[in-house]
Amino acid sequence: MDIQYAILGILSWQSLSGYDIKKVISDSDVFYWSGNNNQIYNNLIALHKNGLVTQEIIYQESLPAKKIYSITETGQQALRNWLLSNPDLPEIHNDFLIQLSWADLLSADEIDDLLARYEEEIGVQLKMKQIQNVRQVAPSRTARERYLWRMIAENMSAAYQRELEWVRQVREGLRQEKFIEERNEDGNGNNN
């Protein structure tokens, strides 16, 4: 997904300055970009150049002038066309699974410790998501829009909940199974 569509979506909600757009992106889990100034401002310049947004300069007393961006009809149509396009499948990658793939090289206690640390981190992330869901500022122009944003927040929390349940299942399975040590004393399974 291109960050420009996220910006157009935000501006379809309300006209904002680049700083305010950056804050919306930074405060939400929906938008996975860092939302740094270069990303936001370079894309706002491109959107403005392509006639998808307008900018109004607001002069402020004892503060620098502020540019407020609004979506144009052309921008609304571009956003609508993107909304009607085929959705991308989620990119699922988890570096921990690669790490766990080779965990058989560790002792049972070391594997359990690794899984325990992962479980703890996932638990912390789940709690943070749940708190963030309560505090999240989201568009709420209609009941349907409020529902969609609530379901997006629940999807993100559910992903951490599923991961937490999975890691607990792995730990329990390792405790219950009787694994025969298949490694020789050299630790790599070679028959010397």
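Side notes on the structure shown:
- Lys127 being over 24 Å from the mean Cα position of the chain (by Cα), of a type outside the set (Asp, Glu) and modelled with pLDDT under 95: no
- Boolean, Ser62 is of a type in the set (Ser, Thr, Tyr) and in contact (Cβ under 8 Å) with a residue 12 or more places away in the chain: no
- Residue list for the stretch 47-80, filter: at pLDDT 95 or above and either among the acidic types (Asp, Glu) or not assigned by TED's automatic domain parsing to the domain that holds Leu8 (or both): Glu56, Glu73
- Scan the stretch 123-143 for residues that are without any contact (Cβ under 8 Å) to a residue 12 or more places away in the chain and over 20 Å from Leu164 (Cα atoms) and the total you get is 5.
- Condition check for Asn188: modelled with pLDDT under 95 and surrounded by fewer than 12 Cβ atoms within 10 Å (Cβ to Cβ): yes
- When residues of the stretch 25-75 are limited to those that are exposed (fewer than 15 other Cβ atoms within 10 Å of the Cβ) and of a type in the set (Gly, Ala, Ser), the one farthest from Arg150 (Cα to Cα): Ser62
- Members of the stretch 102-143 that are in a loop (DSSP other than H, G, I, E, B), exposed (fewer than 15 other Cβ atoms within 10 Å of the Cβ) and touching a Lys or Arg at 6+ places or on another chain (Cβ under 8 Å): Ser140
- Those residues of the stretch 64-101 which are part of a loop (DSSP other than H, G, I, E, B) and more than 18 Å from Trp13 (Cβ to Cβ), in sequence order: Ser85, Asn86, Pro87, Asp88, Leu89, Pro90, Glu91, Ile92, His93, Asn94
The values are calculated or read from the model by the stated rules, or taken from the named source; none is laboratory data. Just so you know, these numbers come straight off a predicted model, no measurement behind them. Reconstructed Cβ throughout: ideal geometry from the backbone, glycine too, with neighbour counts over all protein chains shown.
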